[in-house]
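No value in this document is a laboratory result; all are computed from the given coordinates. Not measured: the values here are computed from a predicted model. We place every Cβ from the backbone using ideal geometry, glycine too, and count neighbours over all the protein chains shown.
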Amino acid sequence: MTAEAVSGTGRRTRSYFLAGTMQGARTGAHLTDQSYRELLTGTLRARRPGAVIHDPGVVMAEWLASHPADVRAAHAALADRPVLRHADLAPELRELTELFHRLTRLAAESDVCVAWLPGHEPSMGTAAEMLCAHRAGRTVVSITDMRQNLAVLSCSTVILPDLAAFTDWLDAGGDSA
């Protein structure tokens, strides 16, 4: 559901989904540095006051906080299983996979999907979020050096090299399309 509200200035409120590497190529609970989420949120708040910002990092942290060690233990145990069938997963892991699907749907429902992919580390979750947003006809802005990655190239409305370029893109109204 895109944000259809109109602000006091008469401008339509936009919604932004913050896609970006969480786990990447790491195993288990090892995550990449997530400080980019605060940078993107701060940039959007400064330039788009009142914008609706969907941060899957926050959603995931809240969900994990309500599911203590059981989900972490079940997730860790996957490393020792040679064959995995979704139907045989522990209930908390099936909930976790449903959360992933809810987040990809949220990316598709947001007006703009902002994909943060620094360096050249691909992210399968970010690719899924980008694909869902792209298929829904949303604006997908990728902040990355991966101009030759087929998933990035195929799903991005615009590819920008860094946060400064993203800020310039916002200032130029690139997200108003």
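Observations
- Highest-first arrangement of 123-132, 150-159, where packing means the average Cβ count within 10 Å: 123-132, 150-159
- Dipole orientation for the chain: of the candidates Ala65, Leu117, Leu84, Leu117 has the Cα lying most toward the positive pole (charges on Cβ; Lys, Arg +1; Asp, Glu -1).
- The C-alpha atoms of the chain define a longest principal axis, and helix 36-47 lies at about 20 degrees to it.
- Unit Cα scatterers, Debye sum, segment 15-176: log10 I(q)/I(0) for q = 0.08, 0.16, 0.20 Å⁻¹: -0.25, -0.92, -1.32
- Calculated FRET efficiency for the pair Asp145/His86, C-beta based, R₀ 41 Å, to 0.05: 0.75
- Rounded to the nearest 20, the Cβ-based charge dipole of the chain about its Cα centre (Lys and Arg +1, Asp and Glu -1) stands at 340 debye.
- Length gained on full extension, Ser35 to Ser154, computed as 0.36 nm times the residue gap minus the Cα-Cα distance: 40.2 nm.
- Between Thr167 and Ala73, the modelled label-to-label distance comes to 4.7 nm, taking each label 7 Å out from Cα in the direction of the beta carbon.
- Nitroxide proxy distance, nm - points 7 Å out along Cα→Cβ at Phe100 and Met124: 0.6
- Taking the C-alpha atoms only, the angle from helix 124-135 to the longest principal axis of the chain is near 50 degrees.
- Rounded to 10°, Cα long-axis angle of helix 91-109 versus longest principal axis of the chain: 10
- Take each peptide in 94-103, 36-45, count the other Cβ atoms within 10 Å of every residue, and average; sorted highest first, the result is 36-45, 94-103.
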